[in-house]
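**Q** Take this structure, written in C-alpha cells, and hold onto it; I'll ask about it next.
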Ligand code: G6P
C-alpha cells in the first residue's frame, strides 16, 4: 500500500533510502560507541581463538555478503574461509572438522538450501552461527549463535538493506574474531570500531548521488548486456551489482574478476557493451586501472564508480563517472553497494518492469 511505502514509488526505493538508519541500528547492536568496543555477547559461543577454518554458506545476495566477508576474515582475522553457494555446499560432501565454526547468512532464515547446509554442518559436529534478518526463522532456531541484522522487514524481492546490514554484522564479527585471535590490539579494535561506526554516514553521502546515477541508468536501461568488474572486495560487489541489474531490469549482466577479463569476457567488449567498473582508489587500484585501459582501448563504454583520486587517475577513460566520497577500505563495500542498487533500481524504472515483484523470482526460496 502507499502508506507503507511512504513517499516512495517502490518498496525497493524506500529500503535503499532506509539504509543509513537500519545500518545505524545494526551497528548499534554490535558496537558500544561510548566504550569504543564490540558487544559480541552471543558470539562468545564461537571459539574464534582456536578456530582453524570457518565454513560460510548462503544463497543469492547473502552469498555475496559472505564473499565480501571472506576478505575480512582472512585479511583482518587471519582465519581461512571455505565459502560456497548453499545449493553446492550441501551436496559437495565437504569433509568437516567437528568443533569448527560454520556461518550461514540469510535474510529470511528460511532458504531451503541454506538450511540443509546448516544441518549438514550440524551433523558434522560443527558450531552453528547464523546471520538472519528474521529472528523467529528456522535457521535462527537451529543455530547455536544467532546474530541478527536489524534491517527491519524487507519487502522488495531484490535485497538491498538486508545486504548492507549483513555486511555490517560480518565486518563487526571479523573485527571481533581478529581480536580473539590476537590479530588486533585493544587500541586497534577501538580504531576499527570508530571506522565501522562511520559507515551509515558514508551510505547517506552515497545516497546523495542519486540524481546523477539516475541519469547514468537511463542509458543503461537500453542495453541488452552489461559487464561488472572489480577486484578484491569489489569483486563480490560486481557480482551483486550484476545480480541486482538482471533481477529487476532483466538486462543480462555478468560480474567478473577484473583480472579475468583477458581470459574471456574481453571478447565481448564493443561500443554496445556497458562496463561498470567498481574501483575505489584502494590497494588494487593500479591493477584495475590497467583493466580499464584494456576496455577503453576496445571501445567499451565504461561506467566508473570510484572516488576523487580514482577519477583523477582514470576518469578520462570512462563515459560516465560516479564519484563517491573517499571511504575507509574496511567499510567501502557497504558504501559502494549503494550506487549499484540505485543504478539497477533506476534502470528498472526506466525499463518499466515490476521493480518490487520481478517476474519468476520469489523473496524466499523455501523449495529446493
Ligand atoms: C532469493 C531472493 C534473494 C535472496 C536469496 C537468498 O533469491 O530473491 O534476494 O538473496 O533468495 O535469500 P535469504 O533469505 O536466504 O537471504
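The values are calculated or read from the model by the stated rules, or taken from the named source; none is laboratory data. This is a predicted model, so every value here is computed, not measured. Because the Cβ atoms are built from the backbone with ideal geometry, glycine has one as well, and the counts that use them run over all protein chains shown.
**Q** Of all the residues that make up region 118-133, how many are on the phi < 0 side of the Ramachandran plot, more than 16 Å from the ligand (Cβ to nearest atom) and part of a loop (DSSP other than H, G, I, E, B)?
**A** 2
**Q** Of all residues in region 57-93, count the ones that are buried (at least 24 other Cβ atoms within 10 Å of the Cβ) and in a strand (DSSP E or B).
**A** Matching residues across region 57-93 total 2.
**Q** Answer yes if at least one residue in region 44-53 is within 16 Å of the ligand (Cβ to nearest atom) and in contact (Cβ under 8 Å) with a residue 60 or more places away in the chain, and no otherwise.
**A** Within region 44-53 (the criterion being within 16 Å of the ligand (Cβ to nearest atom) and in contact (Cβ under 8 Å) with a residue 60 or more places away in the chain), the answer is no, since none of the residues qualifies.
**Q** Then there is this: For residues that are within 11 Å of the ligand (Cβ to nearest atom), under 18 Å from the mean Cα position of the chain (by Cα) and closer than 21 Å to residue 54 by Cβ, tally how many sit in region 134-160.
**A** Going through region 134-160 one residue at a time, the tally reaches 1.
**Q** On the given criteria, is residue 288 part of a loop (DSSP other than H, G, I, E, B) and at pLDDT 95 or above?
**A** Taking the combined requirement at face value, the residue does not satisfy it.
**Q** Sticking with this structure for a sec: Looking at region 1-17 only, could you name the residues that are surrounded by fewer than 18 Cβ atoms within 10 Å (Cβ to Cβ) and in contact (Cβ under 8 Å) with a residue 12 or more places away in the chain?
**A** Passing the criteria: 4, 9.
**Q** Now, a different point. Given the conditions (1) part of a loop (DSSP other than H, G, I, E, B); (2) modelled with pLDDT of 95 or more, and given that residue 270 satisfies all but one, which numbered condition is not satisfied?
**A** (2)
**Q** If the requirement is being within 11 Å of the ligand (Cβ to nearest atom) and closer than 24 Å to residue 238 by Cβ, which of these qualifies: 163, 73, 89?
**A** Numbers: 73 fails: within 11 Å of the ligand (Cβ to nearest atom); 89 fails: within 11 Å of the ligand (Cβ to nearest atom).
Sole residue among the options that is within 11 Å of the ligand (Cβ to nearest atom) and closer than 24 Å to residue 238 by Cβ: 163.
**Q** Which of the following residues is under 29 Å from residue 59 (Cα atoms), within 16 Å of the ligand (Cβ to nearest atom), in contact (Cβ under 8 Å) with a residue 12 or more places away in the chain and in a helix (DSSP H, G or I): 340, 261?
**A** Residue meeting the stated conditions: 340.
**Q** Let me ask something additional. Could you please find all residues in region 94-117 being assigned to a loop (DSSP other than H, G, I, E, B) and under 24 Å from residue 50 (Cα atoms)?
**A** Hits for region 94-117 are 94, 95, 96, 97, 98, 99, 100.
**Q** Which number in (1) assigned to a loop (DSSP other than H, G, I, E, B); (2) within 16 Å of the ligand (Cβ to nearest atom); (3) modelled with pLDDT of 95 or more marks the one condition that residue 281 misses?
**A** Of the numbered conditions (1) assigned to a loop (DSSP other than H, G, I, E, B); (2) within 16 Å of the ligand (Cβ to nearest atom); (3) modelled with pLDDT of 95 or more, the odd one out for residue 281 is (2).
**Q** Quick one: which of 115, 103 is buried (at least 20 other Cβ atoms within 10 Å of the Cβ), within 16 Å of residue 83 (Cβ to Cβ) and either within 13 Å of the ligand (Cβ to nearest atom) or touching a residue at least 40 places away in the same chain (Cβ under 8 Å) (or both)?
**A** Details: 115 fails: within 16 Å of residue 83 (Cβ to Cβ).
Only one candidate qualifies: 103.
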